[in-house]
1. Could you tell me what % of all Cα pairs in the range 79-121 have separations over 17 Å?
2. Sort 81-87, 227-233 by packing, meaning the average of other beta carbons within 10 Å per residue, with the highest value first.
3. Along the charge dipole of the chain, Cβ charges K/R +1 and D/E -1, which of 166, 233, 145 sits furthest on the positive end?
4. Could you give the distance between the Cα centres of the range 1-41 and the range 207-221, to the whole Å?
5. Once the mean 1/r over all distinct Cα pairs of the range 1-87 is inverted, what Kirkwood radius in angstroms do you read off?
6. For the range 1-159, what % of the accessible area comes from carbon and sulfur atoms, probe 1.4 Å?
7. Going by average Cβ density within 10 Å per residue, which order do the peptides 215-224, 138-147 take, highest to lowest?
8. Over 30 Å apart: what share of the alpha carbon pairs of the chain falls there, rounded to a whole percent?
Amino acid sequence: MQLQRIQSNAPIAEKRRFDELIASVFGFTFEPWYSRGWWTPDYTVYTLAEDDRLLASTAAYRMEMLIDGQRQTWLQIGAVATRPECRGQGLSRRLMQTILEDYPNTPMFLCANASVLDFYPRFGFQRIHDRVPTLRCSPQGSAAPLQPLGPDDPHVREMLSRRACFSSTLDCLNAASVQAFHLLTEYPQCIYAVPGADALVVAEQDGATLRLLDVCAAEPLSFAQLLPCLHFPGIDTIQFGFNPDWLGIECEWVASQDEDGLFARGKFQLEPNFILPALLKT
């Protein structure tokens, strides 16, 4: 069994083998992401192969984080996949140990699904709990409404690359690549330009709740500027998918209903009031 590292400059055939593994395990594909040039040198996929067929993978994304106002380099672990017929053979354990050997002094975090919450503590990861910032309000819609954009709109790529407003609580300075993945695969119908501002938002309505997943701005933007543009009918609650401190508002922080687990290996001292941004997860 061969250990391989697939990076952004790998031949397309190697990326497609990884994509086939991910599709067989999770039912989605990375092809829309890497075919548009979003795979950067920060993202490395560790794989185990046999007879030119990938059996398991684990990826490491190098992230330049802002944590409590301090810039730190972290790894986010993701794309942990093993073919069903190969499970129970320690393949994920071998890949995780390899990453820990490659980055012995680098702190890491990951989001684990509910079925494997007991796996990561074996490698020094500790469960932490984030919360959801929530604001009770009813947008009046007095300004021009948000303008829908598609994920391939040049303005979207430009804004992700030019992002300049970050949370001092918890944010990532080089998140454009992973944010683009979410916009392409999960939220292609939820992207909007903010009229009169160099900014875009990612938002979806669920009944009377607006999930404001992200606000990407090239220069300072206040919530007072944004709120009149939120023309979503019947909204009385806004849930933020990011830490909204830079928007200049005070929120209620409520317990997350997400069944997945957030784990960290290293000093991650932000509890209780923070959220891991929704478009940051790999």
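The values are calculated or read from the model by the stated rules, or taken from the named source; none is laboratory data. Everything numeric in this text was worked out from a predicted model, so none of it was measured. Quick reminder, even Gly has a Cβ in these numbers, built from the backbone with ideal geometry, and neighbours come from all protein chains shown. Quick note on the areas: whole protein, heavy atoms, side chains included, nothing else; ligands and nucleic acids left out. Shrake-Rupley method; radii C 1.70, N 1.55, O 1.52, S 1.80 Å.
1. On the way: 326 of 903 pairs.
It works out to 36 percent of all Cα pairs.
2. Details: 81-87: 14.7, 227-233: 17.0.
In decreasing order of mean packing, 81-87, 227-233 become 227-233, 81-87.
3. After comparing all options, I get 166.
4. Cα centroid to Cα centroid, the span is 30 Å.
5. Working: mean 1/r = 0.0726 Å⁻¹.
Result for the range 1-87, one decimal place: 13.8 Å.
6. Numbers: 3580 of 7950 Å².
The C+S portion of the solvent-accessible surface of the range 1-159 is 45 percent.
7. Working: 215-224: 17.0, 138-147: 14.0.
Top of the packing list down: 215-224, 138-147.
8. Details: 12787 of 39621 pairs.
Cα-Cα pairs in the chain separated by more than 30 Å: 32 percent.
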